[in-house]
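Written out below as structure tokens is the structure these notes cover.
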Amino acid sequence: MSDPFKPRPAFAPWDRRELPGLFDVEESARRVGAYKWIETRLFEALGGWIATVPELDVKMILGRHCYHHAWHAELFDKRLPELREMNTDRLCAPANDAMEEFVEALREPDAPELTIEKLVGVFRVLIPRKIAAYTFHLNGTSRVTDAPTERSLEFILQDEWNDWREGEMLLQSLIDTPEELERAIRRQHELEAIVVRAGGITGLGTIGATTEVEGAGV
Amino acid sequence: MTVVSIVPELFTLIEFDAERIKEIASEVAKSLAFPSDVDVHIEVDEVLPAPLNSSQADYLGGRAELWFTGGAFEDTHKGRHIDEVLARCGLGEALLRVKDRISGGFEDAPNDSEISERQRALWDAYADGRLTRLEGFVVREPRRRYVYRLECGFNDVADAAYDQLWASDATTWADLLEIEARLMEADPTERDAKPSARRISLRQTQ
Amino acid sequence: MRKQLPPEMLARDSRFVRTSIMDQILDPRNRKISERTIGPAKLAPGRPASADRARNLMHGIFTGEIQALEGAGRTAFDFDETEAPFALKLDMARQCWDEARHVEISIKLGEWMGTEIGEFTEATFLYEAACAPDPVLRLCGVNRALEGLAIDVFNTMKEFGDVSGDPVLEFCEDWMLADEVTHVKMGSDWLRRLTADDPERRERALDFQRTVDKLFSLGGFRGETEENPIHLARKMREMAGFSTTEIDEIAELSELARAEGQAAVEAAGSA
Ligand SMILES: [Fe+2]
Ligand SMILES: [Fe+2]
């Protein structure tokens, strides 16, 4: 064994974490607040929809996923005070008016015949958008200074991937006819159009793009 | 043709039609090749609802004496109404067992009021297995298996005996007693030997 | 999506058939059956129609779990954070996951007991308690009263699994019991937290709980004797945070409900 008192580099050769990152404390907090807002609106919607879907398997999966997103919201809520945001409600807000409009549209379907519309909004629009935003945060933030956010995002992304896969499979099993396919595409188009205007779940620059989007209402 | 009689002839608490039950019983007797010189008497206790499902099937004084709780024929979706599929199956099980008593190797079996729940579960498995192999009966096998396991034990010996009975076309009362002894060895849990779900206890008034 | 979804709008596939509690109450057989000696009502092998009674009860548990899942989900959605704090919503989401597992367990248990989904009818009274306009009332009616009842039911079923040597039933009920104890605790905690400065609201909620408790003890369904199919699970209830006085009160309510049920049947008979 080598001499335990011999100085070693503070960072192992394979540890490529760097300083600084893309976000300062304030920006990280703003993003985390937006994450908490979207996760909360999502778990509420999944909870509300359980009673409105007749498909038993979908009902149970919504129940399970409802908790996953609530747990994400809780992790972000706990992170906010550590980012100097003592009032955890202040930043728990939509990034812009278009995001608010998006969530309203996402949560709108109610009737028992609209399971495809409900699931497309979650699994083909919102969750891919969340995966993109969280991945960008993970890749852009300093993994030294923002390590607690990073750790939460790693857990959360694992959930998001698993839930997305399960939801996508549910949709594939529900879409049988050309009409159902048409419904799914139309729904995705409607919601994507709003989210494009919003610029993503944290608004303009969600995944680093900086082009101004018309009508986002920022 | 088998002569069927029923009590009551008019149901007052439930929406059963006595004539229709007689018709079903005649059809069932025919499809089981039940001896046509043996009259069938059916009593339905309309007070007892599902899930108090119970029945007895004896051969007394040269006549088939069948007794059912109303629940045994009751539609689980529409209370107080008959489920003809269920009634057909219940009558099939009962008449098969009376046939067993007349000349099918169960001549020396005690009356239903004297046999244990476990013996009854064994016999019912034997009856239902045969019924599934006949046209026109919808036997709910998973239910039968659960009723059987509850009385005979949740173990491999009991399961093997069930499969044996289910597949058999020639079991006797003596065979049943032999299986019962095997089950006792596999699961010596003490069980109430009295047939408490039957006619005598259920029909008594306070 | 609308807020406050009424029970008649609960979405079900074509296997499910809804029933009304009134049909059961007005069944003309009730009076006659109360005159019979049908043996102890407690479930056990060798007891009257135990298998079919257990299958029927298990299906009732299954539909109850669906409604508990739906009710918890609605409480997470129906209120804003001024009415239902964020932490309460998180608890409700957690309960959704638990109840979804209970639905899964119930389906598998139903299969094990030879029962098909929808074989028996569904009554929606559990969800009805989850429609109260005040979240505290929901937590008292559902988490404290009905999930308290679930503790009694699961404990009874667990004992039934034990005496009948059914390893699957006993295993499943044991796990579900653990979750329900947590849900009852949630109800008790939130009742205390949300009504700390509002004794009137607290009293309203407890009143609602008593009404639900009494309704579900109807006709001696729950109690502490061999005549009650469902037994009051004192030890488990203590773990869930009920005081001895509260448990005594439920026992008294159950006895009262039994006596009233009997009187109603007699009155209907002489009318
Ligand atoms: Fe539950
Ligand atoms: Fe629960």
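The values are calculated or read from the model by the stated rules, or taken from the named source; none is laboratory data. Only a predicted model underlies this, so the values are computations on that prediction, with no experimental measurement involved. With ideal geometry, Cβ positions are generated from the backbone for all residues, glycine too; neighbour counts draw on all protein chains shown. We work out accessible area using only protein heavy atoms, side chains counted, and drop any ligands, DNA or RNA first. Shrake-Rupley method; radii C 1.70, N 1.55, O 1.52, S 1.80 Å.
I need the full set of residues from the stretch B:1-48 which are in contact with a Gly (Cβ under 9 Å, 6 or more places away or on another chain) and among the β-branched types (Val, Ile, Thr), in order please.
Selection gives B:14, B:28, B:38, B:44, B:47.
If the requirement is being among the small types (Gly, Ala, Ser) and open to solvent by 20 Å² or more (accessible area, probe 1.4 Å), which of these qualifies: A:33, A:48, A:63, A:21?
Going through A:33, A:48, A:63, A:21 in turn, just one is among the small types (Gly, Ala, Ser) and open to solvent by 20 Å² or more (accessible area, probe 1.4 Å): A:21.
Can you find a residue that is touching a helix residue (DSSP H, G or I) at 6+ places or on another chain (Cβ under 9 Å), open to solvent by 40 Å² or more (accessible area, probe 1.4 Å) and more than 8 Å from every other protein chain (Cβ to nearest Cβ) anywhere in the stretch C:36-47?
yes
Given the conditions (1) at pLDDT 95 or above; (2) in contact with a helix residue (DSSP H, G or I) (Cβ under 7 Å, 6 or more places away or on another chain), report the number of the one that residue A:21 does not fulfil.
Only one criterion is unmet by residue A:21, namely (1).
For residue C:205, are the conditions met, namely being open to solvent by less than 40 Å² (accessible area, probe 1.4 Å) and out of contact with any Lys or Arg (no Cβ under 6 Å at 6 or more places or on another chain)?
yes
Quick one: residue C:111 ticks every box in (1) surrounded by fewer than 20 Cβ atoms within 10 Å (Cβ to Cβ); (2) touching an Asp or Glu at 6+ places or on another chain (Cβ under 8 Å) except a single one, so which number is it?
Of everything listed in (1) surrounded by fewer than 20 Cβ atoms within 10 Å (Cβ to Cβ); (2) touching an Asp or Glu at 6+ places or on another chain (Cβ under 8 Å), residue C:111 misses just condition (2).
Suppose the filter is part of a helix (DSSP H, G or I), within 13 Å of ligand 2 (Cβ to nearest atom) and buried (at least 20 other Cβ atoms within 10 Å of the Cβ); does residue C:75 pass it?
When the stated conditions are applied, residue C:75 passes them.
Report yes if some residue within the stretch C:70-80 is over 26 Å from residue C:183 (Cβ atoms) and either within 16 Å of ligand 1 (Cβ to nearest atom) or of a type outside the set (Asp, Glu) (or both); otherwise report no.
Within the stretch C:70-80, none of the residues are over 26 Å from residue C:183 (Cβ atoms) and either within 16 Å of ligand 1 (Cβ to nearest atom) or of a type outside the set (Asp, Glu) (or both).
If I filter the stretch C:134-147 for residues that are open to solvent by less than 10 Å² (accessible area, probe 1.4 Å), of a type in the set (Val, Ile, Thr) and within 14 Å of ligand 2 (Cβ to nearest atom), do I get at least one hit?
No: the stretch C:134-147 contains no residue that is open to solvent by less than 10 Å² (accessible area, probe 1.4 Å), of a type in the set (Val, Ile, Thr) and within 14 Å of ligand 2 (Cβ to nearest atom).
Consider residue C:81 carefully, then state whether it is within 29 Å of residue A:42 (Cα to Cα) and either within 16 Å of ligand 2 (Cβ to nearest atom) or part of a helix (DSSP H, G or I) (or both).
Taking the combined requirement at face value, the residue does not satisfy it.
Taking only the stretch C:151-188 into account, find how many residues are open to solvent by 60 Å² or more (accessible area, probe 1.4 Å), away from ligand 1 (no atom under 12 Å from the Cβ) and more than 13 Å from every other protein chain (Cβ to nearest Cβ).
Final tally of qualifying residues: 3.
Is there a residue in the stretch C:136-147 that is touching a residue at least 12 places away in the same chain (Cβ under 8 Å), farther than 29 Å from residue A:40 by Cα, more than 14 Å from chain A (Cβ to nearest Cβ) and assigned to a helix (DSSP H, G or I)?
Looking for residues that are touching a residue at least 12 places away in the same chain (Cβ under 8 Å), farther than 29 Å from residue A:40 by Cα, more than 14 Å from chain A (Cβ to nearest Cβ) and assigned to a helix (DSSP H, G or I), one finds none in the stretch C:136-147, hence no.
Tally the residues that are open to solvent by 20 Å² or more (accessible area, probe 1.4 Å) and part of a helix (DSSP H, G or I), restricting the search to the stretch C:189-202.
8
Take residue C:88 and decide whether it is out of contact with any strand residue (DSSP E or B) (no Cβ under 6 Å at 6 or more places or on another chain), in a helix (DSSP H, G or I) and open to solvent by 10 Å² or more (accessible area, probe 1.4 Å).
Spelling it out, it is not the case that residue C:88 is out of contact with any strand residue (DSSP E or B) (no Cβ under 6 Å at 6 or more places or on another chain), in a helix (DSSP H, G or I) and open to solvent by 10 Å² or more (accessible area, probe 1.4 Å).
Residues being polar (S, T, N, Q) and away from ligand 2 (no atom under 16 Å from the Cβ): count how many of those fall in the stretch C:47-64.
Final tally of qualifying residues: 2.
Identify all residues within the stretch C:100-123 that are more than 7 Å from every other protein chain (Cβ to nearest Cβ), within 19 Å of residue C:11 (Cβ to Cβ) and away from ligand 2 (no atom under 14 Å from the Cβ); write none if there are none.
C:107, C:117, C:118, C:122, C:123
Quick test of your reading of the structure: residue A:143 fulfils all but one of (1) open to solvent by less than 50 Å² (accessible area, probe 1.4 Å); (2) in contact (Cβ under 8 Å) with a residue 12 or more places away in the chain. Name the failing condition by number.
Among (1) open to solvent by less than 50 Å² (accessible area, probe 1.4 Å); (2) in contact (Cβ under 8 Å) with a residue 12 or more places away in the chain, residue A:143 violates only (1).
Which of the residues that make up the stretch B:137-168 are away from chain C (no Cβ under 12 Å) and open to solvent by less than 30 Å² (accessible area, probe 1.4 Å)?
Answer for the stretch B:137-168, where residues must be away from chain C (no Cβ under 12 Å) and open to solvent by less than 30 Å² (accessible area, probe 1.4 Å): B:137, B:161, B:162, B:165, B:168.
Every residue, every condition in (1) modelled with pLDDT under 95; (2) hydroxyl-bearing (Ser, Thr, Tyr); (3) part of a loop (DSSP other than H, G, I, E, B), yes or no:
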position	(1), (2), (3)
A:155	no, no, no
A:170	no, no, no
A:200	no, no, yes
A:211	yes, yes, yes
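With the structure loaded, tell me whether residue C:211 is among the polar types (S, T, N, Q), away from ligand 2 (no atom under 16 Å from the Cβ), surrounded by fewer than 21 Cβ atoms within 10 Å (Cβ to Cβ) and at pLDDT 80 or above or whether it fails that test.
When the stated conditions are applied, residue C:211 passes them.
Anything in the stretch C:58-99 that is β-branched (Val, Ile, Thr) and within 8 Å of chain A (Cβ to nearest Cβ)? List them, or say none.
Passing the criteria: C:66, C:75.
Mind checking which residues of the stretch C:225-249 are open to solvent by less than 30 Å² (accessible area, probe 1.4 Å) and either part of a loop (DSSP other than H, G, I, E, B) or under 15 Å from residue C:159 (Cα atoms) (or both)?
Matches in the stretch C:225-249: C:228, C:230, C:232, C:233, C:240, C:242.
Take residue C:205 and decide whether it is in contact (Cβ under 8 Å) with a residue 40 or more places away in the chain and either assigned to a helix (DSSP H, G or I) or within 15 Å of ligand 2 (Cβ to nearest atom) (or both).
Against the criterion (in contact (Cβ under 8 Å) with a residue 40 or more places away in the chain and either assigned to a helix (DSSP H, G or I) or within 15 Å of ligand 2 (Cβ to nearest atom) (or both)), residue C:205 qualifies.
Quick one: count up the residues across the stretch A:58-89 that are more than 10 Å from chain C (Cβ to nearest Cβ) and part of a helix (DSSP H, G or I).
Residues that pass the stated criteria total 8.
Just to check your reading of the model, which residue among C:126, C:109 is closer than 19 Å to residue C:184 by Cβ and either part of a helix (DSSP H, G or I) or within 14 Å of ligand 1 (Cβ to nearest atom) (or both)?
C:126
Within the stretch A:96-109, which residues are open to solvent by 30 Å² or more (accessible area, probe 1.4 Å) and either in contact (Cβ under 8 Å) with a residue 24 or more places away in the chain or under 17 Å from residue A:36 (Cα atoms) (or both)?
A:97, A:100, A:101, A:104, A:107
Going by the structure shown, is residue C:53 in contact (Cβ under 8 Å) with a residue 60 or more places away in the chain, within 16 Å of ligand 1 (Cβ to nearest atom) and among the basic types (Lys, Arg)?
no
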